[in-house]
Amino acid sequence: MLMKKLLLYTLGVAVACFVACSKKELVAHYERPDWLKGNSWEVLEERGNFTLFLEGVERAGFREVLEGKTIATIFAPSDEAFLHYLTSNNWPSVQQVPYDELKKLIGYHVVYYAYNKTMLENYQPNGSEALEPNRAGLYYKHRTRSSDSISLEMDVVAGRQRMVYNKDRFLPVLSNRHFQTKGIDATSNYEFFFGAGTWKGADGFNVANAGISEYAIPTDNGYVYLIDEVLKPLNTLFSFIKEQPNYSNFLEIYDRYRTYTYDEETSVDYGRAGDSLYHVSHGPLPDIASEWTSMGLSGAVSYFDLAGLSYRSFNIFGPSNQALQAFYTEYFSNYYPSLNDVDMLPLLLLLYNHVYEGNIVFPSEIGNNPDIKTFFGTDIDFDPNSDVSAATIAANGTFYGLDKVMVPDMFKSVTGPAFRDPKYRIFMYMLFQTGLYTTLASHDIDYTLFIPTNEAVLETYIGDSQLFWDEGDPRVFGDEQIQVENADGILVPLSINQMNRFVSDHIVYNRISSLNGKSVYRTRNNYGYVYVQDGAVNSTQTYNEAESIPVSTMPGNWYNGNAYQVERTMGSDSRSIKFTLISAESEANVLHPYAEFSKLLSRAGMMEVGNSLSFLFGNRFLLFAPDNETVRQGLENGLIPEDNNELASYLRAYFVSVPDNSLPDYPFPGFGVEGTWETALRRGPMAYRQISLNDRRTALELVDEDGTVIPIVGDFPQVFSDGAVYRINKLLKR
């Protein structure tokens, strides 16, 4: 018993000693290091020259942040700087500043997370393991605790008010490293926006409008930077432009694309019970009304996209009212009563030419940085020293107020008439939706564009359906549709592939300067052609139907070709030779001139319904077809076999497979498609009867295997979906 008590006593003393020693070690371990002077509030309070700022911090409700509730980076203006700010705004004291205004102001000096000087000079959002030297200093914006209160706005499309949540502002930190990475001068580029003598960041950075008096004072909960001016909270680009009366027309146009989208994440996090909070965007344009330049990464909350939020900037190059009015007068006044009445699509293309989403753009980069292009990939063309009357750096980008309009190429190229005159509106939307409007704006290739009127388009059939136009809500861009009727009689959108083919039938490579004479031009579609003869214009479809297309020249100095208005749409004949020949005996049939040849094919068993001309295996082909009189004379003179099997073999000699002979195109005079080709008549395991074609530049001629020359007659071949028919007036030798 005594031994047991002694053992317990010994253990107790040992434990007590251990606890005492451990406590001393723990205390020593967690003692405040000498270099820490307290939390941010304590550091500034000890300095003694920041009383006005601290008064504002407390009144605005941010004291607990500075006292260590969370880590933060604080930009603190001195009493002198703060007093100057109050005086310039006619506030006699901090207490006189309206609370919401003060909260917005002080919050702009409180940045989320702790950043030392090196991190702010060259912030790398993906960490040290994914450094981006080519973007050193370019991740320039940081999230603050400054925001506007929820606003109530009228959604004119929905006809109801929306509660819009305004996100936290971002603060631009413009480092010397940023300008070095871009290879541009820091002083002149910064002072372009903030005024002469304001750049003080040669050994570090400026933060918005302020210089740094002392960098990165460490605190218990982050860093404090002493600044020489109060940071003026930057608003969005939308808010800035709204305050510039000389750019009101630009903003009115831009705001036609305003869209309200329900923001579920924000509604859950910040809305009161039952509140639905919305995000404001501008459709396909940069979201200039949003404080944030990224809506987040897929599957993550929006603020996780640190890279997008800190790097991306909306750069707006807005023309003045006077410049826009001059543009309207030149391009639209003949067709629309006012600029605001112009269709949304051409206005969108105009705006596309005045925006750039990427990093913040400084004046020395305009015309020099190859990465800074318009939406269309063209240069942004203006002189910052002579063409700019207003400029600012906003919370979400930059604004350059221009005295000129940068006219998009599609207003000056062969597509110009379609984008100016609403009588071609449907075709204009087809050009846009297919993307061919950018193709047709090329400076390297000449085109001729045949532009159909709205009425002509709506009289067109694609397949078994007529085309229809659904206007949708004219206030909503993208609500319009070009439609066809499906097999169930339901109107559905015309597919992009169908639209592409339709538009391409109206595009000719090369400039057609005259409609006189006789010429053939390739369209953008394979095996698509336009025939021009003595003022008459035909597509292959209308040529087959012997109905030329009414055409009128569209006046204008289009830099890459000519444009013509057509009263009927251009198109390839969707019918096939195989099935058209079956009924060639009908005088109404477009292949009636070859009815006698069709009879021979039928007699030889080559035109069975569902299996006609099966020996061609579905290949595209050339048919050199003797006309009716030539066949009749051949029968009378015994030049055509009477035996049906022999006849079937003989008739194959008139057919040439396009892919089997590797023909690049159908032959036309001057196209250079000529040579000796194998016909469909087999003469052995690997041998076929051959035929030659010569291109005489103004005419084509066949040469039979015995040397007989057979002229190809007629103006042009008849082209169908499966081949081309060339008229001849001599028979091939048996």
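None of the figures in this text is laboratory data; all of them are computed from the coordinates on show. All values derive from a computational prediction rather than experimental measurement. Every residue, glycine among them, receives a Cβ derived from its backbone with ideal geometry; neighbour counts consider all protein chains shown.
Okay, here's what the table says:
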{"item": "Links that overshoot a 30 Å alpha carbon limit, given the list 69/141; 242/404; 117/232; 117/182; 103/373", "result": "103/373"}
{"item": "Sites residue 126 and residue 93, calculated FRET efficiency, Cβ-Cβ separation with R0 45 Å, nearest 0.05", "result": "0.50"}
{"item": "Estimated distance in nm for a label pair at residue 615 and residue 491, the labels positioned 7 Å out from Cα along Cα-to-Cβ", "result": "5.0"}
{"item": "Protection proxy ranking, peptides 657-670, 62-75, 695-708, average beta carbon neighbours within 10 Å, highest first", "result": "62-75, 657-670, 695-708"}
{"item": "Contour excess over end-to-end distance, with Cα ends at residue 118 and residue 357 and 0.36 nm allotted per residue", "result": "83.4 nm"}
{"item": "Length added when fully stretched, residue 445-residue 268, from 0.36 nm per residue minus Cα-Cα", "result": "58.3 nm"}
{"item": "For peptides 490-499, 237-246, sequence by mean Cβ density within 10 Å, most packed first", "result": "237-246, 490-499"}
{"item": "Simple spin-label estimate for residue 202 and residue 371 in nanometres, 7 Å along Cα-Cβ", "result": "2.8"}
{"item": "Förster radius 51 Å - calculated FRET efficiency between residue 407 and residue 63, Cβ distance, rounded to 0.05", "result": "0.40"}
{"item": "Straight-distance crosslink candidates among aspartates and glutamates, where the alpha carbon sits under 20 Å from residue 423 and sequence neighbours closer than 8 are dropped", "result": "330, 341, 343, 455, 459, 470, 471, 473, 479, 480, 505, 567"}
{"item": "Point-charge dipole on Cβ atoms (K/R +1, D/E -1) for segment 577-728, about Cα centre, debye to 20", "result": "300"}
{"item": "Extension gain from residue 340 to residue 694, taking 0.36 nm per residue of separation minus the Cα-Cα distance", "result": "121.5 nm"}
{"item": "Computed E for residue 187/residue 511 - FRET, C-beta separation, R0 41 angstrom, nearest 0.05", "result": "0.25"}
